[in-house]
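A short write-up of the structure that comes next.
The values are calculated or read from the model by the stated rules, or taken from the named source; none is laboratory data. All of these numbers come straight from a predicted model, not from anything done at the bench. No Cβ is skipped: glycine too gets one built from the backbone with ideal geometry, and neighbour counts run over all protein chains shown.
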Amino acid sequence: MSVIIVGAGIGGLTLALRLHHHGIHCRIYEAVPRIEPLGVGINVLPHAMRELSALGLQAALLDAGIETREMSFYNRYGQFIHSEPRGCFAGYKWPQVSLHRGALQRILVDAVTERLGEDALITGHRFVFGEQNPSYAIACFEVGGGRSRIGEEGRIEEAAAEVLIGCDGIHSAVRKLLHPHPDPLNYSGITMWRGVTRWQPFLSGATMAYAGWLETGKLIVYPIDDQRDSEGRQLINWLVEFFVPPRDPSGDWSQPGRYEDFLPRCEDMRFDWLDVPAFVQAADFVYEYPMVDRDPLPYWSDGRITLLGDAAHPMYPRGSNGAGQAILDACALADELARQYDPLVALQLYDDARRPATAQVVLANRSHPPDAILREVYERTGDKPFERIDDVITRFELKALSEQYKQAAGFDRRTLDANN
Ligand SMILES: Cc1cc2nc3c(=O)[nH]c(=O)nc-3n(C[C@H](O)[C@H](O)[C@H](O)COP(=O)(O)OP(=O)(O)OC[C@H]3O[C@@H](n4cnc5c(N)ncnc54)[C@H](O)[C@@H]3O)c2cc1C
């Protein structure tokens, strides 16, 4: 069997590795001429780590990133609400790993070129059109055109294979081919500003901390490597987010941000474990990202063509699930292609299994985010400090809120252990 993968992001690269593991031939076509370490921090949850570990990548990921020890919640006055262990510290068989998106992509690229050969990953090829006949799917790529229009500097190349998989992210051209109707980006009402800062380790040195709520300004902060520089500083990812009125969202991960747009929201967040204004201002660069998703689709697979990752189910980047769900899609699809004699049956079975599961995460991220604990405490206290957290919310309620999201996203411990 032969497979064309469009897009060398987290999903496309994982798919190539899993197909190779099953002895299925594939090539990845990527639009950008060179893969640069773009983005900031990303989290790989235990369900996705299970799959990457099966591909022999756990040691490399732990080496490049850090094993997240716990997730801790505070209000915007720095008052402690709740903490829970994560990954192996919570008894999972797999760790939760935080790392730079560029490091994750680099590890996957290196594994692909080492295992599949240098010619398996073809950069500078932007998918522009596809079609299929009873035997093949055909993909057309604009080559060497950058932003040029076809027929000027760029030229068109064709490739054919039995299956074509769109792993081309939130602005997927393969998705547009399958679903040409209007399919707008939905703005969540929340905009986030993100960056990476070298800073002294805080709390356990491996804590993912959440503080505040979206009405007034919320902070998420976690280290993404376990190295220390000569001043004892660690690489730390952060984001500040809050409700911002309707706007025209771009879905562009590389849009620059401005301090004046978000600093006032965290000006008084000076905790005993982190001086937030000083910390965020020490970042090299700030990105702005209005959180967007798209409505779940009625189908992903059409004959020999299907979708995967953000191309299939762009979701609000909450709860560390964007990369995780793309990795789960990749493994489910590759396993199905290995199991079925007929690739059309494999694509349909993959669609039947993964589309409802990921739609549930898209919807959970809209209505019941992983930090619903902070929303609950904010609603009960208003924008005021509390005397004792036990008077505001019980431990039982805190645990129930946390478990609800894990179940929706498919990484509660019981489900993962049962499926192994
Ligand atoms: C530049 C960038 C920075 C990001 N930064 C972060 C971050 O800091 N934190 C975070 O949580 N998530 C980030 N994300 C999103 C995150 O990577 C995804 O949500 C998640 O990993 C799902 O991966 P994916 O493979 O489906 O999509 P992506 O990782 O977005 O990969 C899609 C790939 O397809 C390529 N592509 C797009 N169009 C075409 C085309 N027509 N032809 C060929 N190739 C095409 C893109 O260049 C990209 O390499 C970022 C994504 C991008 C593209």
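Counting only residues that are touching an Asp or Glu at 6+ places or on another chain (Cβ under 7 Å) and either of a type in the set (D, E) or over 21 Å from Q132 (Cα atoms) (or both), how many does the range 313-347 have?
Step one: filter the range 313-347 for residues touching an Asp or Glu at 6+ places or on another chain (Cβ under 7 Å), giving 314-316, 322, 326-328, 331, 343, 346.
This time we only want the ones that are either of a type in the set (D, E) or over 21 Å from Q132 (Cα atoms) (or both), so: 314-316, 322, 326-328, 331.
The qualifying residues number 8.
How many residues are more than 9 Å from the ligand (Cβ to nearest atom) and within 17 Å of the chain's Cα centre (by Cα) when one looks only at the range 16-58? Qualifying residue count, the range 16-58: 10.
Beta carbons closer than 8 Å, at least 6 apart along the sequence or on distinct chains, pair a first residue in the range 385-402 that is at pLDDT below 95 with a second that is surrounded by 10 or more Cβ atoms within 10 Å (Cβ to Cβ) and of a type in the set (G, A, S) for L401/A372.
Among the residues of the range 324-381, those identified as of a type in the set (G, A, S) and within 21 Å of D168 (Cα to Cα) are G324, A326, A330, A332, A334, A346, A353, A357, A359.
Inclusion of P246 among residues that are over 30 Å from R355 (Cα atoms) and loosely packed, with under 15 Cβ neighbours inside 10 Å is not warranted.
When Y341, Y289, Y350 are checked against the criterion of being among the aromatic types (F, W, Y) and in a loop (DSSP other than H, G, I, E, B), Y341 stands alone in meeting it. Restricting attention to the range 243-257, the residues that are within 24 Å of L99 (Cα to Cα) and touching a strand residue (DSSP E or B) at 6+ places or on another chain (Cβ under 7 Å) total 6. Tallying residues that are within 21 Å of A364 (Cβ to Cβ) and of a type in the set (A, V, I, L, M) within the range 274-318 yields 8. Scanning the range 316-338 for residues that are more than 8 Å from the ligand (Cβ to nearest atom) and in a loop (DSSP other than H, G, I, E, B), we see that the one that is nearest to the chain's Cα centre (by Cα) is N321.
Could you check the range 1-55 and list, in sequence order, the residues that are in contact with an Asp or Glu (Cβ under 6 Å, 6 or more places away or on another chain) and surrounded by fewer than 21 Cβ atoms within 10 Å (Cβ to Cβ)? M1, S2, listed by residue number. Listed by first and then second residue, the pairs with beta-carbon distance under 6 Å, at least 6 apart or on different chains, first residue in the range 34-51 and farther than 22 Å from Y289 by Cα, second among the hydrophobic types (A, V, I, L, M, F, W, C) and within 12 Å of the ligand (Cβ to nearest atom), are A48/I327; E51/I327.
So which of I373, I327 ends up being β-branched (V, I, T) and over 25 Å from W300 (Cβ atoms)?
Values: I327 fails: over 25 Å from W300 (Cβ atoms).
Of I373, I327, the one residue that is β-branched (V, I, T) and over 25 Å from W300 (Cβ atoms) is I373.
Going through (1) more than 16 Å from the ligand (Cβ to nearest atom); (2) surrounded by fewer than 16 Cβ atoms within 10 Å (Cβ to Cβ); (3) within 20 Å of the chain's Cα centre (by Cα) one by one, D110 falls short only on (1).
I'd like the full set of residues that are away from the ligand (no atom under 11 Å from the Cβ) and in a strand (DSSP E or B), limited to the range 85-107. Reasoning before the result, please.
Taking the range 85-107 as the starting set, the residues that turn out to be away from the ligand (no atom under 11 Å from the Cβ) are 85-97, 103, 106-107.
Across the range 85-107, the qualifying residues are P85, V97.
Summed over the range 193-209, residues that are part of a strand (DSSP E or B) and either away from the ligand (no atom under 15 Å from the Cβ) or at pLDDT below 95 (or both) total 4.
From I236, I220, grab the single residue that is out of contact with any helix residue (DSSP H, G or I) (no Cβ under 9 Å at 6 or more places or on another chain) and modelled with pLDDT of 95 or more.
On the way: I236 fails: out of contact with any helix residue (DSSP H, G or I) (no Cβ under 9 Å at 6 or more places or on another chain).
Sole residue among the options that is out of contact with any helix residue (DSSP H, G or I) (no Cβ under 9 Å at 6 or more places or on another chain) and modelled with pLDDT of 95 or more: I220.
Within the range 164-216, the residues that satisfy the criterion of being under 23 Å from Q96 (Cα atoms) and of a type in the set (S, T, N, Q) are T197, Q200, S204, T207.
Screening the range 7-46 for residues that are touching a Cys at 6+ places or on another chain (Cβ under 6 Å) and of a type in the set (A, V, I, L, M, F, W, C) and picking the one that is nearest to G309 (Cα to Cα) gives A16. Filter the range 113-137 for residues that are buried (at least 21 other Cβ atoms within 10 Å of the Cβ) and farther than 23 Å from L38 by Cα; which is nearest to the ligand (Cβ to nearest atom)? Per the stated criteria, the residue is G130.
Among the residues of the range 138-186, those identified as more than 13 Å from the ligand (Cβ to nearest atom), modelled with pLDDT of 95 or more and surrounded by 12 or more Cβ atoms within 10 Å (Cβ to Cβ) are I138, A160, A161, E162, V163, L178, H179.
Within the range 243-252, can you find the residues that are farther than 19 Å from A211 by Cα and away from the ligand (no atom under 16 Å from the Cβ)? Show your work before the answer.
So in the range 243-252, the residues farther than 19 Å from A211 by Cα come out as 245-252.
Scanning the range 243-252 gives P245, P246, R247, D248.
Tell me which residues, restricted to the range 253-275, are surrounded by fewer than 13 Cβ atoms within 10 Å (Cβ to Cβ), part of a loop (DSSP other than H, G, I, E, B) and more than 16 Å from the ligand (Cβ to nearest atom). If the condition is that a residue be surrounded by fewer than 13 Cβ atoms within 10 Å (Cβ to Cβ), part of a loop (DSSP other than H, G, I, E, B) and more than 16 Å from the ligand (Cβ to nearest atom), then R258, E267, D272 are the ones that fit.
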